[in-house]
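Here is the structure we will look at.
The values are calculated or read from the model by the stated rules, or taken from the named source; none is laboratory data. None of these values were measured; they are calculated from a predicted model. Quick reminder, even Gly has a Cβ in these numbers, built from the backbone with ideal geometry, and neighbours come from all protein chains shown.
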Amino acid sequence: MANALDGLDTLTGRDGSWTPDTDSNTSDGDKSSAFESEPKEEEEEEAASSGSTTAIPSDNSDTQYHGRQDTGHKRSRRRKSIQIIIKEANKGKYTLTANDPEFQAILQSSMEREAARLSGKTRNRIRDLVFTRQFTTFDRQNPLASQSPFHGFFTLFWLAMALLLCKIAAQNYRNSNSVFGKAEILHLMVDRDLFWLLVTDGSMVFATSFGYFLQRAIANDYLTWNRSGWIIQSLWQVFFTGIVIWVSFYREWPWTHTVFIVLHDMTLLMKQHSYAFYNGYLSRVLRRRKLLAQKLQQLESMEARETPVPNSPDAHASGIDTSTLDHLTHRRPNIGPRYSTNLSTEHSEIATVAKAIEGGEPLNKEQIQAFNRLINTEITILDEELRGKSTTVDKAYPKNLTLANLVDWTCLPTLVYELEYPRQERINWWYVAEKSAATLGVIWIMIILSQAYIYPVVIETVRQKEAGMTLDERWKQFPWVLFDMLFPLLLEQLLAWYVIWECLLNVLAEVTRFADRGFYGDWWNSVSWDQYARDWNRPVHSFLLRHVYHSSISAFRLSKTSATFATFLLSAVVHELVMFCLFKKVRGYLFASQLSQIPLAALSKTRLMKGRDTLGNLVFWIGLFIGPSLITSLYLIV
């Protein structure tokens with residue numbers, strides 16, 4: 001998850017499904033705030049919809065994130081209007097009078113959307129993540145891989161690795177009459193507590209079903225997400241992480257076991273979070289849809305008053321030319337004359353509707369029909385939200401809440417939950433075997449390199465501390481420890497990235513027929529740290545973008561700068577937690593390193609670095625080369 005946090009303002013957009021207007025196509029994650037009703041200013045960038053589904057105090061992402069600083073000021077200027085309510089009359093008939101907040105919210109939402117359309121404003125929105133059919137850069141199935149002018153360097157790298165293994169094997173044979181040497185790291189991995197490690201890992205995977213049962217309870221109206229559901233899920237996530245860390249300490253596992261179990265715990269934690277908070281949002285959408293359906297039934301049984309005579313006093317206050325209201329329920333290009341959103345002075349059909357509502361008069365048949373169309377418009381919007389990216393209604397919420405869907409989601413190589421993903425037609429089992437063999441082979445290379453070049457340095461450093469060497473004496477050894485681990489840790493970092501993002505994730509993608517293999521970009525060409533952050537680990541970056549960055553903006557009203565810092569801060573804390581589990585002490589070196597990426601990313605945008613791609617790439621590689629060795633040496637020495 002390291003460095004996967006910067007560049008948070010960038011997300012590829014897509015054109016969503018049809019909705020009656022440009023602002024109703026909300027995105028995943030923070031969709032609860034997409035129905036919040038607020039006054040619109042000339043430069044406001046938030047999406048508008050009805051106020052019955054407001055931002056929940058939990059995970060939100062993707063939809064509204066601009067202009068929140070002015071929210072309180074805008075609300076203070078909002079003019080209160082007389083609300084309406086359906087009152088039951090004799091013989092099961094109804095009349096429309098004041099004080100029904102749901103109808104007022106629906107009308108206000110539609111009026112604001114239409115006012116925005118007529119004003120010709122351009123609104124910046126966060127759209128859904130785009131999942132497309134693609135291959136990883138180094139995959140042999142990628143036609144661009146073999147055609148790359150740098151393909152020979154890829155071949156050269158693996159040839160160099162093979163020759164290096166031969167050299168290490170020869171040295172091991174000369175020193176210990178065995179090509180494998182003493183293999184201490186391999187013994188650490190298999191000789192101690194391997195069974196309990198596997199039991200713990202299996203229990204972790206099984207425990208992720210907690211979110212499924214919680215969502216089923218919410219879908220069946222035993223709980224509500226916005227009240228108790230998100231609190232229960234958050235407490236569970238804290239418990240889930242805490243118990244795994246406690247087990248690793250209690251069993252006194254070696255670093256090999258600890259790294260595996262903690263990183264897998266973090267992966268499952270992100271998966272649970274995305275699954276729970278996205279389905280939690282959809283549960284709120286479904287509840288709102290049920291409410292609107294009830295209101296629609298009430299409208300259909302209403303008793304309408306007679307249409308006023310054109311010259312009567314009521315004609316101007318409550319008469320509506322319903323022939324022009326079709327624009328409220330049909331999508332049109334976002335162009336047109338600029339209109340003020342002050343409905344008290346505006347001359348338009350939506351302003352006429354507002355005046356009719358504020359007048360408190362019972363509505364006539366044509367006005368009731370207008371309300372009917374508005375409610376149907378809102379229901380259409382909610383239906384689109386419940387379908388998400390699914391191509392059929394069979395996968396729409398809550399039909400997606402099945403154990404089969406949960407198992408499939410757990411195995412998918414992505415951390416952002418969707419109702420449907422692009423899939424391949426079949427599984428290529430030869431490809432699975434190839435990538436599985438590559439996974440095991442690269443792990444074997446990593447063990448050999450660690451045994452030959454890293455393990456001796458670490459053991460010597462630990463021996464010095466146990467022998468009672470003072471800190472000043474150990475500091476004198478710091479430069480040598482740093483240089484001894486420069487090249488080995490760089491190789492280990494490259495191989496660890498390759499085995500996870502090129503081999504392991506492709507195995508999972510092929511087995512699950514997951515077609516979007518865009519797990520990384522050409523991060524090696526990065527000219528800034530924010531570019532590297534976006535490209536080297538796209539699954540984690542996408543998760544942080546949706547569930548942390550945009551959530552903090554929409555739920556907590558943070559600015560984009562504050563949300564970026566909050567995201568980096570969370571990531572830095574998580575990385576330092578991993579170091580705490582590994583070294584059993586808190587030093588904050590990795591924490592500081594993570595936060596240092598903020599000023600480094602800002603530096604890349606200054607005149608000194610802007611436009612100087614070679615210099616930027618050089619600075620990037622210097623940091624990537626020295627950083628791991630520097631941080632590891634500090635944790636070992638101090």
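Below is a table of values for the structure above.
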read-out: First in the stretch 166-183 and over 11 Å from A452 (Cα atoms), second anywhere and at pLDDT below 85 and buried (at least 16 other Cβ atoms within 10 Å of the Cβ), Cβ under 8 Å, 6 or more apart; value: N175/G181
read-out: Residue within the stretch 421-436 that is surrounded by 18 or more Cβ atoms within 10 Å (Cβ to Cβ) and either modelled with pLDDT of 95 or more or under 21 Å from D139 (Cβ atoms) (or both) present; value: yes
read-out: Residue selected from the stretch 159-187 under the condition β-branched (V, I, T) and part of a helix (DSSP H, G or I), by the criterion farthest from W444 (Cα to Cα); value: I168
read-out: Failed condition for L544, given (1) without any contact (Cβ under 8 Å) to a residue 24 or more places away in the chain; (2) buried (at least 20 other Cβ atoms within 10 Å of the Cβ); (3) hydrophobic (A, V, I, L, M, F, W, C); (4) touching a Ser or Thr at 6+ places or on another chain (Cβ under 6 Å); value: (1)
read-out: Residue list for the stretch 237-276, restricted to those being among the basic types (K, R) and either exposed (fewer than 15 other Cβ atoms within 10 Å of the Cβ) or closer than 16 Å to L194 by Cβ (or both); value: R251
read-out: Scope the stretch 188-230; condition more than 17 Å from K271 (Cβ to Cβ) and in a loop (DSSP other than H, G, I, E, B); matching residues; value: R192, D193, N220, D221, Y222, L223, T224
read-out: Qualifying residue in the stretch 526-533 (condition: surrounded by fewer than 24 Cβ atoms within 10 Å (Cβ to Cβ), acidic (D, E) and farther than 20 Å from Y275 by Cα); value: no
read-out: Criterion: within 26 Å of the chain's Cα centre (by Cα), closer than 22 Å to W253 by Cβ and in a helix (DSSP H, G or I) - qualifying residue of L636, L577; value: L577
read-out: Single condition G468 does not satisfy, out of (1) without any contact (Cβ under 8 Å) to a residue 60 or more places away in the chain; (2) under 26 Å from T512 (Cα atoms); (3) not in a helix (DSSP H, G or I); value: (2)
read-out: Odd one out for L590, checked against (1) assigned to a helix (DSSP H, G or I); (2) out of contact with any Asp or Glu (no Cβ under 6 Å at 6 or more places or on another chain); (3) of a type outside the set (S, T, Y); value: (2)
read-out: Which numbered condition T414 fails, given (1) within 24 Å of L494 (Cβ to Cβ); (2) assigned to a helix (DSSP H, G or I); value: (2)
read-out: Residue list for the stretch 538-560, restricted to those being at pLDDT 90 or above and among the β-branched types (V, I, T); value: V540, V548
read-out: Residues satisfying the stated conditions in the stretch 510-537, i.e. outside any loop (DSSP other than H, G, I, E, B) and touching a residue at least 60 places away in the same chain (Cβ under 8 Å); value: E510, V511, F514, D516, N525, W529, D530, Q531, Y532, A533, R534
read-out: Residues within the stretch 478-505 that are over 24 Å from A160 (Cα atoms) and touching a residue at least 40 places away in the same chain (Cβ under 8 Å), tallied; value: 3
read-out: Options A217, A169; residue that is more than 18 Å from F260 (Cβ to Cβ) and in contact with a Leu (Cβ under 6 Å, 6 or more places away or on another chain); value: A217
read-out: The stretch 437-464 - residue that is free of Cβ contacts under 8 Å to residues at least 60 places away in the same chain and among the small types (G, A, S) and, of those, farthest from D139 (Cα to Cα); value: G441
